[in-house]
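The values are calculated or read from the model by the stated rules, or taken from the named source; none is laboratory data. The structure displayed is predicted, hence computed values, not measured ones. Using ideal geometry, Cβ is built from the backbone for each residue, glycine included, and neighbour counts are taken over all protein chains shown. SASA here: full protein model, heavy atoms, side chains in, ligands and nucleic acids out. Shrake-Rupley method; radii C 1.70, N 1.55, O 1.52, S 1.80 Å.
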Amino acid sequence: MSESSTYRRDIDALRGVAILAVLGFHFAPAAVKSGFVGVDVFFVISGFLITGMLIDGISLKEFYIRRAKRLLPALCVALTLALLLGFVLLLPDEFYVLARNVIAAATFTTNFVLIADQNAAGYFTNLADNNQLTHLWSLSVEEQYYLLWPLTFSLISPRWRLLAGSGILLLFLAFDFCNLFQLTTDRYYFPGTRFWEILAGTWLAIAQRTVTISLGRFEAWVKLCGFALIVYATFFLRPDETWPGPQALVPVVGTMAFIAFAAPKSFVARVISNPAMIWLGLISYPLYVYHWILLSFAEVTYRGALPVGESVILAAISVALADLTYRFIEIPVRRGKYGIARFALLPTLLSIVVGVGVYIYLNDGLHWRHADVVAYNDLQAAGDKITVTPNCLEHYGSAIHFPANAEKRYLCGEGSNSPSPVVIVGDSHAQRLFRALLSMNVRNVIHLGKGSCAPLWNLDAVHDAYYACQPDMNRFIEYAVDADAPLAVLTGVFERYFDGTYTTGKSDNEVERDIAQGFQLMARSRHPIVVVMDNPSLPFQPKECAKRPVDINRRLDCSFDRAIYDKKASFYKNVFRRTAALAPNVTLIDASEFFCDQKRCHATNKDGMLYTGDDNHLSNRGARIVATEIVRANSFAFVSNLGTNDRGAAVKH
């Protein structure tokens, strides 16, 4: 290893290799199965170059000015482009999420938003493709590292840098390899499991300035072996949710070996350091930022993977846009042609982008856009979030023992402060029914429950603490049974407790015993109780059937074989029908009968209008169908601002 601060053509060329790997993974995943390791290569290179700058004596002020000049121009353009494309191409709920992600990207917190979002998918799932800014998680991790490392580095005496760097590297290696944070899908995005990759480059930069090692002609072989490891990782490693982990040593060690020795006359250095690859390396940052935004928007609009021809064209557009940005925006800004006063424009522009994102986010994705498409689809509104309304918590919180600061899984909604409201108990599926009744001008109704928790007596999901439902659901059921109410309605995503999605830790006989106890409890109620057996979950996403602002490639057959649903739901339905006989005051309603015929279950009506908001929640249109039947059969129980609901069922004033 030799000490050098001179320009390294081979490192820019390696950046070109890394961005090609990432492009291959996104545009041709079948061919470049593990191209995501290009990000791991970038991390090592970044740690190596940045720490070299710190060793060479750059001041903290100059360091952060350089970082801003390097990162902010392309980021501002990319986020502005994303908002413009989103305004035209995205539905309001999608635009709402994009606005949130723009704010996160501009504040370098994308990885934390992905970790915190319970709806976020792991990086290697198809659902991650629907986030136009997912890829900026890596930029966030880097900037979080560089908020901490320069100051830490300045506090370490030069004589102790190698030892301190080694200790910190080993510490973060242990965090990742031993999974000390007990992470699952979050592991991919978490800085504590990623810093060691940047630290690997950091350690190498320190070692080069501390120890002089010359291997003569073997330096070329080390470089070749390093490049071979990177190529192997790109094509032959298999992604999973434990990444980075020990597998990431392959591209990380490969990158370290490649950049440890310049070896400019070596075969691999001469081959890779050609003008085209160096050019790709120079534009790799704007190319990384732009390509996924364009690809994701195209795939959302096209409703799936693009054909080969369109993918090639989109990749070419990404390269051209990156080159223009590098030549006419990034280079002039980095070389200071605009002076320090105009440099202040960068954070100002980024602040404007954040302000626009906040406005869109606070206004539910600008729901007025594409109003005809929104009305036709009847998808979940962007702001339709799980909440606890203060008036409901005030009136019912003590009775059902809500936590003082109810977290987002708790559900408590109130139509009006009625002395004897209809009580709805259940999860977010029950919440949809509650909101459908409100949309029908029913007012004497409350909803109590917990997200992902169906109203099942004594049953709990034991596979994941997040999905714990007891003793809360037992309390809610008891309240519905004993309340001074004209009617109680229980519903939820029952089938997940019986189709293997949730693990209850109980045998079928034990489950049936618990359900029977629940119906026996209901039998003591002085008012009628309706149990709604849930609507079918879809084996596809309803947005495949929805209209879009640019309507391409819409799914025509939005139904599926009823036998698939019956196989999943028949056990719990049969148990319900047997045990409901224990409670004469209980009426069962099978929601599937509204959406299935003898052979098929449908996500749309005969006019192609959606019944479902996602693959398992009903839209307001679908929920109103179920709600209308409940009101029709129990009109004595409901109070409305109107004399009838929208389908003519009489309601009581």
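Per residue, how much accessible surface does the stretch 501-625 expose to a 1.4 Å probe? Answer in Å², no decimals. Present the calculation step by step, with values, prior to reporting the outcome.
Numbers: 5850 Å² over 125 residues.
Computed with neighbouring chains in place, this is 47 Å² per residue.
For the ranges 190-196, 107-113, what's the packing order if you count other beta-carbon atoms within 10 Å of each residue, average per peptide, and put the highest first?
Numbers: 190-196: 22.9, 107-113: 20.3.
In decreasing order of mean packing, 190-196, 107-113 become 190-196, 107-113.
Are there DSSP H segments in the chain that both extend 18 Å or more along their axis (alpha-carbon positions) and score a mean Kyte-Doolittle hydropathy of at least 0.0? List them, or say none. Walk me through the numbers on the way to the answer.
Details: long enough: 9-27 (27 Å, 1.04); 37-55 (27 Å, 2.21); 60-89 (42 Å, 1.25); 92-106 (21 Å, 0.59); 137-154 (26 Å, 0.14); 161-177 (23 Å, 1.75); 195-210 (22 Å, 0.61); 218-236 (26 Å, 1.52); 284-302 (26 Å, 0.64); 308-325 (26 Å, 1.69); 345-362 (25 Å, 2.13); 508-523 (23 Å, -0.54); 562-579 (24 Å, -1.02); 620-633 (19 Å, 0.09).
For the chain, where a helix must reach 18 Å along its axis and average at least 0.0, the hits are 9-27, 37-55, 60-89, 92-106, 137-154, 161-177, 195-210, 218-236, 284-302, 308-325, 345-362, 620-633.
Can you give the charge dipole size of the chain about its Cα centre, rounded to the nearest 20 debye, using +1 on the beta carbon of Lys and Arg and -1 on the beta carbon of Asp and Glu? It would help to have the intermediate numbers written out before the result.
Numbers: 59 positive and 56 negative charges, 327 e Å.
Taking the Cα centre of the chain as origin, the dipole is about 1580 debye.
For each pair in K69/K223; K568/K606; K567/K599; K506/K573; K543/K606, compute the distance between the two Cα atoms and list the pairs where it is over 21 Å.
Working: K69/K223 32 Å; K568/K606 25 Å; K567/K599 13 Å; K506/K573 18 Å; K543/K606 17 Å.
Pairs exceeding 21 Å: K69/K223; K568/K606.
For the ranges 159-171, 315-327, what's the packing order if you count other beta-carbon atoms within 10 Å of each residue, average per peptide, and put the highest first? Numbers along the way, then the final one.
Numbers: 159-171: 15.1, 315-327: 17.7.
Descending packing order for the listed peptides: 315-327, 159-171.
In the chain, what cysteines have no partner Cβ closer than 4.7 Å?
C76, C178, C225
In square angstrom, what is the accessible area per residue of the stretch 200-330 with a 1.4 angstrom probe?
Numbers: 5690 Å² over 131 residues.
Per residue, the stretch 200-330 has an accessible area of 43 Å².
Write down, largest first, the equivalent ellipsoid semi-axes of the stretch 1-101 in whole Å, where each equals the square root of 5 times an eigenvalue of the alpha-carbon gyration tensor. Don't skip to the end; give the middle numbers.
Working: eigenvalues 209, 97, 20 Å².
Semi-axes, largest first: 32, 22, 10 Å.
Roughly to the nearest percent, how much of the accessible area of the chain is carbon and sulfur, given a 1.4 Å probe?
61 percent
If you take the Cα Rg of the chain and divide it by 2.2 N^0.38 Å, with N the number of residues, what do you get? Walk me through the numbers on the way to the answer.
Details: Rg = 29.1 Å, N = 653, 2.2 N^0.38 = 25.8 Å.
The chain yields a ratio of 1.13.
Which order do the peptides 589-598, 412-421, 284-293, 30-39 take when ranked by the mean count of other beta-carbon atoms within 10 Å per residue, highest first?
Working: 589-598: 15.7, 412-421: 18.1, 284-293: 24.2, 30-39: 20.6.
Peptide ranking by packing, descending: 284-293, 30-39, 412-421, 589-598.
May I ask you to give the average projected area over all directions of the convex hull of the Cα atoms of the stretch 218-302, in nm² rounded to one decimal?
Values: hull surface 29.7 nm².
Its Cα hull, projected and averaged over all orientations, spans 7.4 nm².
Give me the accessible area per residue for the stretch 23-106, probe 1.4 Å, as a whole number in Å².
On the way: 2550 Å² over 84 residues.
Per-residue value: 30 Å².
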